[in-house]
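The values are calculated or read from the model by the stated rules, or taken from the named source; none is laboratory data. Just so it is clear, the model here is predicted, and its values are computed rather than measured. Just so you know, the surface numbers come from the protein's heavy atoms only, side chains and all, with ligands and any DNA or RNA stripped out. Shrake-Rupley method; radii C 1.70, N 1.55, O 1.52, S 1.80 Å.
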Amino acid sequence: MEISGLLDTLSGVGWIEALGWTGALLTLLAYSMRTILAFRIVAFVSNIFFLCYGIFAEIYPTLVLHVALILLNGARLAQVLADVRRSRGRTSEVDWQSVLAPLARKTEVAAGTRLFAKGDPPENVYLILSGQVHLDEIGKDLGPGDLVGEIGFFTEARERTLTATCRTDCRFLAADEATFVKAYYQSPQIGLALLRTIAGRLAEQQVLMNRQ
């Protein structure tokens, strides 16, 4: 009976420790995720394992911590999933100004200034707040609310695909690559909207170039 009881005890301890190790491995996996949605899902599951570990091992600080984290990650996951559902709608639903305002700096450029030239390395993406920007190679004008220069961040050559010149005095929100790519990865809504914008822009460029 004593040996049987000991085996049962050891078996129980092993099972409890397995919960803790699984939670630890899932936490490590969560931090290796590249997208916020995957991070939140894996982190939420790891919190559940740690919660169970805290209960059965009677480690109450771990229990309390992961109850709080389950609530936090659950709320954030719900927000991300809501963004995913909204991203199935129109690209115009993304308010680029509200997205970039906390991340970007305001800048003013005088009329006639070349914002960037075809072949330049991409340094910033610009959201037009006021004024007009002319895309020289395809003869297209962009105005308030339009993004300028986003394609260069995602090309294999990592260079500008067009030349952009300010037709009028312009005001922009300018975000560097690290800032913009961070926003891209953090929100599925932003990521999908940006992909749609780039795909539409590339298709439009091809049509306009073919007409010339």
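Can you tell me the relative contact order of the range 88-161? Whole percent, Cα pairs under 8 Å, sequence separation 6 or more. Contact order relative to length: 30 percent.
Ordered from longest to shortest, the equivalent ellipsoid semi-axes for the range 121-206 are 20, 15, 13 Å, each the square root of 5 times a Cα gyration tensor eigenvalue.
Heavy atoms of the protein chains alone define the surface here; on that basis the range 133-177 has 40 Å² accessible area per residue at 1.4 Å probe size. Sequentially through the range 168-176, phi angles give Karplus couplings (6.51, -1.76, 1.60; θ = phi - 60°) of 10, 4, 10, 10, 10, 9, 10, 10, 6 Hz, Gly and Pro residues having no value and appearing as x. Amide H to amide H, with H built 1.01 Å from N, LEU103 comes under 5 Å of no residue 5 or more places away or on another chain.
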